[in-house]
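The values are calculated or read from the model by the stated rules, or taken from the named source; none is laboratory data. Please read these numbers as outputs of a predicted model, since none were measured by experiment. Counting neighbours? That spans all protein chains shown, and the Cβs are built from the backbone with ideal geometry, glycine included. Only protein heavy atoms, including side chains, enter the accessible area calculation; ligands, DNA and RNA are left aside. Shrake-Rupley method; radii C 1.70, N 1.55, O 1.52, S 1.80 Å.
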Number of protein chains: 4
Amino acid sequence: MISFASDNYASVHPKIMQALVDANHGHVPAYGNDEITQKAIKLIQQTLSEKAKVWFVGTGTAANTLAIKASLRSYQSVICTDSAHIQCNETGAPEQWCGVKLLTCPHEQGKLTPEAIRKVYNAEACWGQHATKPRLVSISQTTEFGTVYYPEELSAIRAVCDELDLLLHMDGCRLYNAAAELNVPLEELVKDIDVLSLGGTKAGLMFGEAVVFLNPELAQGFEHLQKQGLQLFSKMRYVSAQFLALFTDNLGLDLAAHSNQLATSLADSLQRFDGVELLYPAESNMFFARLPQLWVETLQAHTYFYIMPGSDIARFVLSHDVQQSHVDDFVEKAKQLG
Amino acid sequence: MISFASDNYASVHPKIMQALVDANHGHVPAYGNDEITQKAIKLIQQTLSEKAKVWFVGTGTAANTLAIKASLRSYQSVICTDSAHIQCNETGAPEQWCGVKLLTCPHEQGKLTPEAIRKVYNAEACWGQHATKPRLVSISQTTEFGTVYYPEELSAIRAVCDELDLLLHMDGCRLYNAAAELNVPLEELVKDIDVLSLGGTKAGLMFGEAVVFLNPELAQGFEHLQKQGLQLFSKMRYVSAQFLALFTDNLGLDLAAHSNQLATSLADSLQRFDGVELLYPAESNMFFARLPQLWVETLQAHTYFYIMPGSDIARFVLSHDVQQSHVDDFVEKAKQLG
Amino acid sequence: MISFASDNYASVHPKIMQALVDANHGHVPAYGNDEITQKAIKLIQQTLSEKAKVWFVGTGTAANTLAIKASLRSYQSVICTDSAHIQCNETGAPEQWCGVKLLTCPHEQGKLTPEAIRKVYNAEACWGQHATKPRLVSISQTTEFGTVYYPEELSAIRAVCDELDLLLHMDGCRLYNAAAELNVPLEELVKDIDVLSLGGTKAGLMFGEAVVFLNPELAQGFEHLQKQGLQLFSKMRYVSAQFLALFTDNLGLDLAAHSNQLATSLADSLQRFDGVELLYPAESNMFFARLPQLWVETLQAHTYFYIMPGSDIARFVLSHDVQQSHVDDFVEKAKQLG
Amino acid sequence: MISFASDNYASVHPKIMQALVDANHGHVPAYGNDEITQKAIKLIQQTLSEKAKVWFVGTGTAANTLAIKASLRSYQSVICTDSAHIQCNETGAPEQWCGVKLLTCPHEQGKLTPEAIRKVYNAEACWGQHATKPRLVSISQTTEFGTVYYPEELSAIRAVCDELDLLLHMDGCRLYNAAAELNVPLEELVKDIDVLSLGGTKAGLMFGEAVVFLNPELAQGFEHLQKQGLQLFSKMRYVSAQFLALFTDNLGLDLAAHSNQLATSLADSLQRFDGVELLYPAESNMFFARLPQLWVETLQAHTYFYIMPGSDIARFVLSHDVQQSHVDDFVEKAKQLG
């Protein structure tokens, strides 16, 4: 069975599964003191930044939360959009584990703008000690609406961060899709970032994300935070082996390019139908659309996709294990309904 | 010197100061195990609700934070306006100490409405385990813009709380002003409330607020929270003596009525001038206005008032120790400018 | 390569790996809303208690921390030994995530006694609001020193918990080893427990532990805590499939029996040598011994084992993938040294 | 009525009360932006250290907790004795508000020793990322048993802190008593300290303590922590006025000398009786003794003192408002019993 529901419904890519099988021989030191982990970290450093500090964790929420925790003191705050995953879908983990406040503003096609950052900053900072001290900007690449920040947009955000003495965090759970869409190396996409939540699970792993400190000063003591933060997997080789495979021969980027292409194809086909409206540009492996009300049930039965809670908006996510034929079949079904 | 800046600029009312002097004889048990504390608690219970549990704390932020902490588990959340004191001016204390998320919505003249509560609730609850569980509504009486909730508005909010299984918290740092304005007993104003932050300092005390559990089940273990929450004053009699005086012969209500009357008088006079615009109805001892730009400096020099940070809006707060003559002089000065 | 260092050095058992491979077909709902997860939960319930609530998490520290967080309010505290994993080796996670205090006492062969619980309880509770409220007893089965609580010891601890209104938590990261040693069903071992950290990784999984609420009232809202607690694996089927395999045909117990037998064999052989001293009875797959100083380096080079930090005590852990021949070879090597 | 129960039973010293009355004129800026606060801070700086940063808070638990919070990251820990106030009598506030672990060791006459610090440090640090990072030593001057650290003991503790890269905190709720006993200036007593909880209430104030950063780098952002930490008193002048009076003409030291002298006198007299045993040297205004069982009730009825919870140990605390005649009467009563 295949779906357009979520990259979390998807299977583990065969090369990742093979890496797990291959890693399963004999005893190796626990907690990351093994060769596979060291190799995986080195390969990620070579791909993103030689000076980066890399730590593996279990979930995207964990990566985001610990990235924030490492960066901030309790009285500091995060600037993000009102659609950010950390704001909407992490059950208050940043507030609970970091104790910090999230300062939100309306998104523009899923994105933060320098103007919005400056406005939120000023509205908080003008209160002095009676309010928090804004210290971290968090953006998602790709965004929660499947759009991407272009390199010049990232540069502009970095500039306002520098101006206001703010750190910059990127939730990169679908970073590979952005890189594939923009056709720029991962290194280029993260060069302005202080700390990155590097995706794994949505990219085809069984489980595993990484916290990558491009700004290595923020990583001080993180070995303790990894354990305290409930993320020190004792048999770490099985997380590392997956990342090693994902970064070998650009597997992550290839899978993302494949998924992006399918999503663009599906979005293109769907928006030609009367009554279908795309909400944002289809720039990654995920897009949102309004469909004719009468189509929804039939199409979901054919190939399942989400209707966003409390709305009539359909979300389509194309995973690494979806094929063009699945898209074609779905479009054919829609044609029958049209 | 007198000002219209803040009830926190004001002095301690002479009757309160006398109560402190009177309490200052010999040794009494510490931590609230003294007769004055027991008397003060009993008088507050008689005034608000016989079954209430009453605890004294140091600051308004402490009262709000511990009221929330006692009411919620870490995965639950608070619904409030985007102008709530807990959201804007407590340096993230609820997030830091309680770990909970604040879910905000635009205020209407400083107030929450049942519709807004329902909307915020649904937008969060529809995500199930991926979002927090809304559990507490927090309102301010009087509001941060000096308006008051009318009894029928409170009833309507209670109804939606009951419908959605939500608790109701009131930030009552200026509760006396609301009661004086509405001419209803305090008891009436808090009958629908589960937990109340009962003001003291702004009402004329030197320091001291109270957390009052109208819903006594929420108070379980609060004696530990009071100490853990940094609020167990060892020489408690000096907090209690102030509250005892404030509730004796309705001193708090009388002072509030006096302040309200002055504020109404000042607002009435000011809004008659060309170029003066009141932002919200003047319903308590505080109101907000736009003044002709050229007046501000001169009038502030005459009797100081705030310009809200990052805005051109003037805030006037009339305290218990302001007299009608101060208002008259100020209006006279404005006349000279007009 | 094989070692006696840690069950975290060990590989994933072939049946577990096969279960992962078998689960890797097509799309299934994320976050545990899949059939494998439902089957795994049902099988664990059938094995431990029909009324249990079961949640999968990533690490043992996560299981312990979230079990505590679900059970306690901030002002409550945990009674455990000074050798408990939650006290010594979780980087302060319980304090950081739950905010609670751990009240410790010296262990007796790794164990808590009813007398020690009562003593710690009284020393804290006598301070009333000036100290925390003891509310949870935490024990490890098997203990951090490889000993086991006998059923009558568990009953006696339960009795003192009932007497003092305390909840009972069991850190069961090696629960299977205790059951195998005692030759009692798992159900019997946890019948007096309110909340259990059920081991997985040390038992032969790749990763994954479970929080099992035998007292289902404590599980209220845990679906939110699982996500907020950074433990909601999106591709949950791959955690569940491992547990399903571990509980099918008692695989976990069989592997534990094998490991226990090897450990007993090794301990028996070693303690016959002059200069070798066992610190505690060898009752599981782990035991501690003092060895002749001159042996250590040579024996570690032969088959690696830990010397406990800051001590001269050797720890031997026998994993599911160790064979009798490894033990025999090691003993033979020791003979040569002797 | 007078007691030997606690310096928290005591009244406010007349000079302090007068300072409060004197401060009660007209409006002044809130939140510490007033002249009295600036004068008080300056006087404390002149007395303790010109470069110190000084912040007023409400309670001793607040001072200790915020001093720790300002100094540590979540994965760091505190070394203190098992009798420290932060460990025993603050209801777990450091764990709850700072999330940090307290590492304790047995006290020696209430004190930490360099050897104990080193031992605790090594036992934790040897575990690397699996345990917390010890970062702060906390000592109480005077200790919880009424003894004092001598200057050479403080120097030795500072040396081990420097060696192990540890910060040094002093809980100085009775600092004046130590200075009076040792006959050294306050400045001398705190010269090796990074952050000090400076007592007020026990010294004769109505309420109020201070967090004093002798190491000003630790104070960064503390203006936010003061508010977030529930300690920003809006009418701050009434806290500051008390400290201004306490530090004017060495009032605090004079009152401490008086109390110490009475305590020494009482201890000397009592220990001459058969069956009375002093537990520790009487070096401040507080001492502990075992009394003949039959005396306790009669003597408590004469002048109340504490029996420590769960023990037969009497605690005597002599406050600023106790006179020699009270001591003489009490000794006379004891004579009658003897």
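Given the condition open to solvent by less than 10 Å² (accessible area, probe 1.4 Å), in contact with a strand residue (DSSP E or B) (Cβ under 6 Å, 6 or more places away or on another chain), β-branched (Val, Ile, Thr) and at negative phi, answer yes or no: does some residue in the range B:22-43 qualify? No, the conditions are met nowhere in the range B:22-43.
Scanning the range B:113-157 for residues that are under 16 Å from B:Leu168 (Cα atoms), within 14 Å of another protein chain (Cβ to nearest Cβ) and not in a helix (DSSP H, G or I) yields B:Lys133, B:Pro134, B:Arg135, B:Leu136.
A search for C-beta distances below 8 Å between a residue of the range C:28-46 that is more than 10 Å from every other protein chain (Cβ to nearest Cβ) and any residue that is among the charged types (D, E, K, R) and open to solvent by 50 Å² or more (accessible area, probe 1.4 Å), counting only pairs 6+ apart in sequence or on different chains, returns C:Gln45/C:Lys51.
The helices (runs of 4 or more DSSP H) found wholly in the range A:165-243 and carrying at least 2 residues that are in contact (Cβ under 8 Å) with a residue 24 or more places away in the chain and closer than 23 Å to A:Phe145 by Cα occupy A:175-182, A:186-189. Among the residues making up the range C:94-117, those that are farther than 26 Å from A:Ser234 by Cα and buried (at least 24 other Cβ atoms within 10 Å of the Cβ) are C:Leu112, C:Ile117. One residue is enough: does the range C:242-261 have a residue meeting the conditions at positive phi and open to solvent by 50 Å² or more (accessible area, probe 1.4 Å)? Taking every residue of the range C:242-261 in turn, at least one turns out to be at positive phi and open to solvent by 50 Å² or more (accessible area, probe 1.4 Å).
So in the range B:12-27, with the set limited to residues that are within 21 Å of B:Leu253 (Cα to Cα) and assigned to a loop (DSSP other than H, G, I, E, B), which one is nearest to the other protein chains (Cβ to nearest Cβ)?
Going through the range B:12-27, the residues within 21 Å of B:Leu253 (Cα to Cα) turn out to be B:12-20.
Then keep just the ones that are assigned to a loop (DSSP other than H, G, I, E, B); that gives B:12-13.
Numbers: B:Val12: 5, B:His13: 9 Å.
Among those that are within 21 Å of B:Leu253 (Cα to Cα) and assigned to a loop (DSSP other than H, G, I, E, B), it is B:Val12.
The residues of the range D:38-55 that are part of a helix (DSSP H, G or I) and more than 14 Å from D:Val211 (Cβ to Cβ), listed by number, are D:Gln38, D:Lys39, D:Lys42, D:Leu43, D:Gln46, D:Thr47. Look at (1) hydroxyl-bearing (Ser, Thr, Tyr); (2) surrounded by fewer than 20 Cβ atoms within 10 Å (Cβ to Cβ); (3) under 24 Å from A:Lys235 (Cβ atoms) and you find that C:Ser319 fails only one, number (2). When the range C:126-154 is filtered for residues that are over 19 Å from the mean Cα position of the chain (by Cα) and of a type in the set (S, T, N, Q), the ones remaining, listed by number, are C:Gln129, C:Thr132. Being among the hydroxyl-bearing types (Ser, Thr, Tyr), buried (at least 22 other Cβ atoms within 10 Å of the Cβ) and at the interface with chain A (Cβ under 9 Å from one of its Cβ atoms) is the requirement here; does C:Tyr9 meet it? Yes; evaluated as a whole, the condition is true for this residue.
Checked against the criteria, A:Glu95 counts as at pLDDT 95 or above, acidic (Asp, Glu), assigned to a helix (DSSP H, G or I) and at negative phi.
Can you name every residue in the range A:73-93 that is open to solvent by less than 10 Å² (accessible area, probe 1.4 Å) and either in contact (Cβ under 8 Å) with a residue 60 or more places away in the chain or closer than 27 Å to A:Tyr150 by Cα (or both)? Within the range A:73-93, A:Ser77, A:Val78, A:Ile79, A:Cys80, A:Thr81, A:Ala84, A:Ile86, A:Glu90 qualify. Of D:Ser311, D:Ser325, all but one fail to be among the hydroxyl-bearing types (Ser, Thr, Tyr), within 14 Å of chain C (Cβ to nearest Cβ) and either open to solvent by less than 30 Å² (accessible area, probe 1.4 Å) or over 19 Å from the mean Cα position of the chain (by Cα) (or both); the exception is D:Ser311. The residue pairs whose first member lies in the range D:292-310 and is part of a helix (DSSP H, G or I), whose second member is open to solvent by 50 Å² or more (accessible area, probe 1.4 Å), and whose beta carbons are closer than 6 Å, counting only pairs six or more residues apart or on different chains, are D:Trp295/D:Leu337; D:His302/D:Lys333. Taking (1) aliphatic (A, V, I, L, M); (2) open to solvent by less than 10 Å² (accessible area, probe 1.4 Å); (3) over 28 Å from C:Ala241 (Cα atoms) in turn, C:Ala52 satisfies each apart from (3). Which of the residues that make up the range A:56-92 are part of a helix (DSSP H, G or I), away from chain D (no Cβ under 14 Å) and among the hydroxyl-bearing types (Ser, Thr, Tyr)? Result: A:Thr61, single match.
Pairs meeting the criteria (first residue in the range A:118-130 and open to solvent by less than 70 Å² (accessible area, probe 1.4 Å), second residue of a type in the set (A, V, I, L, M, F, W, C) and at pLDDT 95 or above, beta carbons under 6 Å, at least 6 apart or on different chains) are A:Val120/A:Ile79; A:Val120/A:Leu103; A:Val120/A:Cys105; A:Tyr121/A:Leu164; A:Glu124/A:Leu103; A:Glu124/A:Ala131. Looking across the range B:184-233 at every residue that is more than 7 Å from every other protein chain (Cβ to nearest Cβ) and among the basic types (Lys, Arg), the one that is surrounded by the fewest Cβ atoms within 10 Å (Cβ to Cβ) is identified as B:Lys191. Scan the range D:316-327 for residues that are part of a helix (DSSP H, G or I) and farther than 16 Å from D:Phe305 by Cβ and the total you get is 2. Would the range D:55-64 turn up any residue that is farther than 30 Å from D:Ser234 by Cα, touching a residue at least 60 places away in the same chain (Cβ under 8 Å), crowded, with 24+ Cβ neighbours inside 10 Å and out of contact with any Ser or Thr (no Cβ under 6 Å at 6 or more places or on another chain)? No, every residue in the range D:55-64 fails to be farther than 30 Å from D:Ser234 by Cα, touching a residue at least 60 places away in the same chain (Cβ under 8 Å), crowded, with 24+ Cβ neighbours inside 10 Å and out of contact with any Ser or Thr (no Cβ under 6 Å at 6 or more places or on another chain).
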